[in-house]
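Worksheet: the structure to be examined is printed underneath.
The values are calculated or read from the model by the stated rules, or taken from the named source; none is laboratory data. Predicted model only: the values in this text are computed from it and were never measured. FYI the Cβ positions are ideal-geometry reconstructions off the backbone, even for glycines, and counts take in every protein chain you see. Heavy atoms of the whole protein, side chains included, go into the accessibility calculation; ligands, DNA and RNA do not. Shrake-Rupley method; radii C 1.70, N 1.55, O 1.52, S 1.80 Å.
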Amino acid sequence: MNMKINHLPIIAAGLALSLWSCSSSNDFPVAKEPQMLKLSAPILINADSTMIELADYFVQPTRIDSMELDKSLTAAISADSTRMVIKPADRDFPKLSVLKIWSKGFAYSLLLEKSTKLRYRFTFDPKNKKYKHVQIKGQMNEWNASSGYLFEKEGKWHIDFQLFPGKYQYKLILDGKEKSDPGNRDSVSNNNGGYNSLLTLGNLNPSGLTTLFTSAADGRKIVIGVKNKADTVFVFWQNYLLDQKFWKKDSSGIIIEVPRKAKEFDRSFIRVFACNSIGTSNQILVPLQDGKVLTDAKELTRSDREAMIMYFLMVDRFKNGKPENDAPVKDKDIDPKVNYMGGDLAGITKEIEDGYFSNLGINTIWISPITQNPLVGFVEYPAPHRKFSGYHGYWPITLTTVDSRFGNAEELHKLVKEAHSNNINVILDFVSHHVHQDYAVLKAHPDWVTQIDLPGKRKNLRLWDEQRLTTWFDVFLPTFDLTKPEVANMVSDSATFWIKEYKLDGFRHDAAKHVPENYWRMLTQKLTSGVEVPEKRTVFQIGETFGSRELIGSYINPGMLDAQFEFNLYWDAKSSFAFDNTSFRDLNYSLQQSFSYFGEHNLMGNITGNQDMTRFISYAGGALNVNEDEHEAGWKRDIQVKDTLGYHKLASLEAFNMTIPGIPVIYYGDEQGMAGVGDPDNRRMMKFDSLNIHEKSLKEITAKLAHLRNSNLALVYGDFATLRVNEKVFVYLRSYFDKAVVVIFNKDKSSKKIEFDLPERFTDAKVLAQFGNKFTMEKGKVSLELPGNSFEILSN
């Protein structure tokens, strides 16, 4: 249906008004100042209703003049044109459909995808035992027991959920005591020495789904291969739906002609989506260079987000380039582990100049917060109440000045300029959630923070889920009340200042889930209007959120964040590669779940670790047991790599991150296997010299993996297909037209003969083993002997 926007409460199906229609020529007009600046991922449409924030997608939503959507859907738009509500007219609406919106005479299209959420009633049978209260906490409710009260009916306890098909870990709380579900035999390790009950919901392996793959390309011609029937196909160039003047289906697949208009764009994209009666297909993303299919990785630039390889460093712990900056807090109660060690901006610049990052294959550096922190130490709230300095940068007392111990404004300008001259992005860690109590503005505006005192004499401290948007991280770290416009304006202005003034390339946002959505929208709008449009460059924003994939994904769209870190995938990867008693099937499942939530061509950060976690090698190398307190271990003993097998396991994790969709993120020191358990032991001073043979080898492997990714488009834009997976073996394919990369892992302790078949289109390909393992290949059947705890990468 095609509808004129006249701000009625409900826009009924069937209206037929349009202010503009497509040209009949073999191309179409594109606005000089387009209303949609970023590619829009599919929008999930719920069975009841779905609200769309139009400003997330359109620069000026008030200039929308008409729209068109499937007849099975109805829409209502708010009087101020900021929101649209879509409701299904009946339950049987399409799995995929398009919302076409006209603005100032130009048509844009948003893909709508039918949500697969299921209504599920969870039931607990106490078997005649009596309880006053029964609660559930787990992945279905963000582990928030306060939202998981069951109701009793006829001797059983129940609670209703709306859940996507998948696996959900959980615990029951029976009259205040946490227990596994006695009525459910399925359980899974919690990677912390215990087990959680496991609920499996829906069909997780439906057969017959449409599978798309990049088959052939020649300039402006593209062929997308199709496995299994595709009932519905949508082809987009940027955010413009291409009609069948530009594509057709035949026995070879989907034949696409790139619009001539694309040649006016340095970088643009063709995207393809399909579905059949079973469900929706994978997604295809094809980059174009001046209107032709990108075929040479040398044409990639640091602006190509999918090609980023990120390196996270803590400024104080990386390199001391200017000793005269050194000013550790003089306090005998502060252990040297948690005092300033001398790292600074000048040290980072020196390593850029000396080629450390370029030699490692890094094209994006993420630096920890550099705003001024207090000059004295503070005692942290949790027992045993140790005293810390703000060496990490997460206790800001100003929002727009460089900490004197890290350098000054001139040195930050120099760092960014030097990075850019070496084709390296610089991402700044920025804290929007809270400030230190010594932040001067709070003296004039004490009401700009949330309340720390809760009813019942409780303190609103570290209540991560119960008080997600208001909780304080410590008694001296007030949380901004960002629901107040004046507070959100001030903080977002401060953040925007760093991007404008220093030409930084983006942000890593601390504690993203603890910040209300209105703030992210305000900040992103300021960055769009104040930087991206006038300066004709992009600003990348990636957030930190610990929680379910559904919660993480709720912050990702063109109007908020570009990406978040994929912690759920990291935990499953850590379990698979570090521990012997886990299965690669679980990792493959987790990867497929990641695709279902974030898409096959996502920008999620795939980490080797971070400043809040025990380093991977401390588990993989046997220095830390999962039952041990990771934080206390680092205080009580010297943690080193106990078993050198850990280096091989870490190499496999690096290979995994470098070869799956998303952005690989290396935590400083992981490129060579630095040890360390919980904070602060995982934040040791960077080691550049006197590496042992294992550290040197791992660093060489890391660099080789990064350079391989940088030089092979299949690892940046390629399709993904699992070729074989079992307990100990994982084989998958990344392919981009005629380019193929096969990644093979063996996590067994002993050598294994691994056999698998390549897709028919690659049966005659000539492939090379990048890491030297011998293999045979005949008519697409590959056989190789792979040592225990190792990997190989075959590429053509």
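Summary table
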| item | result |
| --- | --- |
| In the range 116-164, residue nearest to Thr232 (Cα to Cα) [restricted to those that are surrounded by 14 or more Cβ atoms within 10 Å (Cβ to Cβ) and of a type in the set (Ser, Thr, Tyr)] | Thr116 |
| Residue match in the range 185-204 (condition: more than 21 Å from Val725 (Cα to Cα), charged (D, E, K, R) and open to solvent by less than 40 Å² (accessible area, probe 1.4 Å)) | no |
| All positions within the range 364-376 that are in a loop (DSSP other than H, G, I, E, B), touching a strand residue (DSSP E or B) at 6+ places or on another chain (Cβ under 8 Å) and either on the phi > 0 side of the Ramachandran plot or open to solvent by less than 10 Å² (accessible area, probe 1.4 Å) (or both) | Ser368, Pro369, Ile370 |
| Failed item, numbered, when Ser109 is tested on (1) under 27 Å from Ala55 (Cβ atoms); (2) outside any strand (DSSP E or B) | (2) |
| Selection status of Asn789, farther than 23 Å from Ser711 by Cα, open to solvent by less than 60 Å² (accessible area, probe 1.4 Å) and touching a Leu at 6+ places or on another chain (Cβ under 8 Å) | yes |
| Tally, over the range 298-328, of residues that are crowded, with 20+ Cβ neighbours inside 10 Å, among the aliphatic types (A, V, I, L, M) and not in a strand (DSSP E or B) | 6 |
| Test result for Phe476, in contact with a strand residue (DSSP E or B) (Cβ under 7 Å, 6 or more places away or on another chain) and touching a residue at least 60 places away in the same chain (Cβ under 8 Å) | yes |
| Residue match in the range 438-456 (condition: touching a Lys or Arg at 6+ places or on another chain (Cβ under 6 Å), more than 28 Å from Met308 (Cα to Cα) and open to solvent by 50 Å² or more (accessible area, probe 1.4 Å)) | no |
| Top-ranked residue of the range 75-85 - restricted to ones that are surrounded by fewer than 20 Cβ atoms within 10 Å (Cβ to Cβ) and touching a residue at least 40 places away in the same chain (Cβ under 8 Å), ranked as nearest to Thr280 (Cα to Cα) | Ala76 |
| Looking only at the range 412-424, and only at residues there that are outside any helix (DSSP H, G or I) and farther than 19 Å from Ile542 by Cβ, the one that is least open to solvent (accessible area, probe 1.4 Å) | Asn422 |
| Selection from the range 54-97 of residues that are within 30 Å of the chain's Cα centre (by Cα), of a type in the set (S, T, N, Q) and in a strand (DSSP E or B) | Ser97 |
| Filter result (open to solvent by less than 70 Å² (accessible area, probe 1.4 Å), outside any strand (DSSP E or B) and either over 19 Å from Leu111 (Cβ atoms) or of a type in the set (A, V, I, L, M) (or both)) within the range 229-272 | Ala230, Ser252, Val258, Lys261, Ala262, Phe265 |
| Filter result for Arg468 (open to solvent by 60 Å² or more (accessible area, probe 1.4 Å), in contact (Cβ under 8 Å) with a residue 12 or more places away in the chain and not in a helix (DSSP H, G or I)) | yes |
| All strands (runs of 3 or more DSSP E) inside the range 131-176 with 1 or more residues being hydroxyl-bearing (Ser, Thr, Tyr) | 166-174 |
| Matching helices (runs of 4 or more DSSP H) fully within the range 593-690 where at least 1 residues are open to solvent by 40 Å² or more (accessible area, probe 1.4 Å), under 24 Å from Arg386 (Cα atoms) and touching a residue at least 40 places away in the same chain (Cβ under 8 Å) | 630-636 |
| Per-region count, the range 527-545, residues more than 11 Å from the chain's Cα centre (by Cα) and either hydrophobic (A, V, I, L, M, F, W, C) or part of a strand (DSSP E or B) (or both) | 5 |
| Total residues in the range 425-449, condition assigned to a loop (DSSP other than H, G, I, E, B) and farther than 21 Å from Leu561 by Cα | 7 |
| Number of positions in the range 555-588 that are in contact with a Gly (Cβ under 7 Å, 6 or more places away or on another chain) and in a loop (DSSP other than H, G, I, E, B) | 2 |
| Neighbours by Cβ (under 6 Å, 6+ apart or cross-chain): first from the range 332-360, farther than 23 Å from Ile666 by Cβ; second at pLDDT 95 or above and among the aliphatic types (A, V, I, L, M) | Asn339/Val329 |
| Criterion: part of a strand (DSSP E or B) and at pLDDT 95 or above - qualifying residue of Arg709, Arg724 | Arg724 |
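Listed here are the residues, each with its yes/no results for (1) closer than 27 Å to Gln672 by Cβ; (2) aromatic (Phe, Trp, Tyr); (3) surrounded by fewer than 15 Cβ atoms within 10 Å (Cβ to Cβ).
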position	(1), (2), (3)
Ser711	yes, no, no
Tyr732	yes, yes, no
Phe756	no, yes, no
Asn773	yes, no, no
Glu778	no, no, yes
Ser783	no, no, yes
